[in-house]
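**Q** I'd like to ask you about the structure that follows.
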Amino acid sequence: MRIVLVGPPGAGKGTQAHVLAKTLSIPHISTGDLFRANISQGTPLGLEAKGYMDAGRLVPDEVTIGMAKDRLAQEDAAHGFLLDGFPRNLVQAKALDEILAESGIALNGVLDLEVPEDEVVKRIAGRRLCRNDGSHVFHVHYNAPSVEGVCDECGGELYQRADDTESTVRNRLEVYHTETEPIIEYYAQQGLVTTIPALGKVDEVTQRAVDALEQRKQA
Ligand code: AP5
Ligand code: MG
């Protein structure tokens, strides 16, 4: 399946994508994780992205679309993928349509994770990520690792993201409302969107997502 996950910062896109990708045997492609990997490796792409990310703004479309296109061209994405954090505005959504159309394929569905704003603020404040693999995501209260500061999946060191500060989160939420929410309407007009309440335990939300995707498959 070819799926896009959308939702505000801290909604749980990365958390859900990590589980769903394993269940569906398709790659989890997160543009945020790709940028963070470039930053930690000190690549020119990472250097360019860092300023925008730390300010809570979108990295320019040419850079982001090029990176996403390269990733989607890799062999593991040939039989499906779960996109997390891309597309994030209408220009990117239309670019994705073109990239897929070049291969004669299209999206199967868009899962929209719905979470109240006060909850996303709490989720972001306690989030910890693994230095070895940014898709290993924890929370100091809601999803605590067995040993504080240590990743349960691989033993890596846990850290707090540079853009998880209060003022950056405010900017990220504003950018979400003005730039990203319009893509939900864009995809809704194509009949692709299922909105899932993303409150509740991680595995309860996963079950809602799996049920929604099952219905999409049968549609
Ligand atoms: P990105 O990395 O995509 O960040 P984001 O969209 O702000 O989303 P987050 O990763 O913060 O949240 P999430 O929904 O993945 O939540 P998570 O699963 O971690 O982007 C970062 C930046 O990169 C952007 O601001 C931009 O600068 C740049 N960028 C990226 N893509 C771009 C693009 N396409 N174009 C331009 N720029 C781009 O969960 C959050 C916390 O909640 C965790 O601690 C988790 O353990 C916890 N949690 C999850 N689910 C639950 C639950 N059900 N109950 C309780 N806690 C939960
Ligand atoms: Mg994420």
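**Q** Once you charge only the Cβ atoms, +1 for Lys and Arg and -1 for Asp and Glu, what is the size of the charge dipole of the range 1-153 about its Cα centre, to the nearest 20 debye? Please list the in-between numbers first.
**A** Values: 15 positive and 21 negative charges, 45 e Å.
I would put it at about 220 debye.
**Q** Could you grab the relative contact order for the chain? Cα pairs under 8 Å, six or more apart, rounded to a whole percent. Walk me through the numbers on the way to the answer.
**A** Numbers: 318 pairs, mean separation 65.3, N = 219.
Over the chain, the number comes to 30 percent.
**Q** Based on the alpha-carbon gyration tensor of the chain and its eigenvalue square roots a ≥ b ≥ c, which shape applies: rounded if a/c is under 1.5, prolate if not and a/b is larger than b/c, or oblate? Kindly include the intermediate steps, with their values, before the conclusion.
**A** Numbers: a/c = 1.38, a/b = 1.19, b/c = 1.16.
Rounded is the answer for the chain, as its axis ratio a/c remains below 1.5.
**Q** Would you kindly enumerate the cysteines in the chain that have no other Cys beta-carbon under 4.7 Å from their beta-carbon?
**A** Those would be Cys154, since no other cysteine Cβ in the chain comes under 4.7 Å of theirs.
**Q** How much of the accessible area of the range 72-219, probe 1.4 Å, is carbon plus sulfur, in whole percent?
**A** 48
**Q** What does DSSP give for the chain in terms of the percent of beta bridges that are antiparallel, rounded to the nearest 5? Spell out each step's value before the answer.
**A** Details: 7 of 23 bridges.
Counting DSSP beta bridges with both partners in the chain, the antiparallel share is about 30 percent.
**Q** Taking amide hydrogens as modeled 1.01 Å from N in the peptide plane, which residues meet the under 5 Å criterion relative to Thr195, leaving out close sequence neighbours?
**A** Asp112
**Q** Let me ask something additional. Would you be so kind as to identify which of Leu158, Met53, Leu100 lies farthest towards the positive end of the dipole of the range 2-218, taking Lys and Arg as +1 and Asp and Glu as -1 on Cβ and the Cα centre as origin?
**A** After comparing all options, I get Leu158.
**Q** Check Leu58: other-chain or 5+ apart residues with amide H under 5 Å from its amide H, H built from backbone geometry?
**A** Result for Leu58 returns nothing.
**Q** Same structure again: Averaged per residue, what accessible surface does the range 73-170 expose to a 1.4 Å probe, in Å²? Don't skip to the end; give the middle numbers.
**A** Numbers: 5130 Å² over 98 residues.
It amounts to 52 Å² per residue over the range 73-170.
**Q** Using a 7 Å offset from the Cα along the Cα-to-Cβ direction at both Glu117 and Arg131, what is the distance between the two label points in nm, to one decimal?
**A** Result: 3.6 nm between the two label points.
The values are calculated or read from the model by the stated rules, or taken from the named source; none is laboratory data. Given the structure is predicted, the values throughout are model-derived calculations rather than measurements. Cβ coordinates were reconstructed from backbone atoms using ideal geometry, including for glycine residues, and neighbour counts include every protein chain displayed. Protein only, heavy atoms only, side chains kept; ligands, DNA and RNA dropped before computing areas. Shrake-Rupley method; radii C 1.70, N 1.55, O 1.52, S 1.80 Å.
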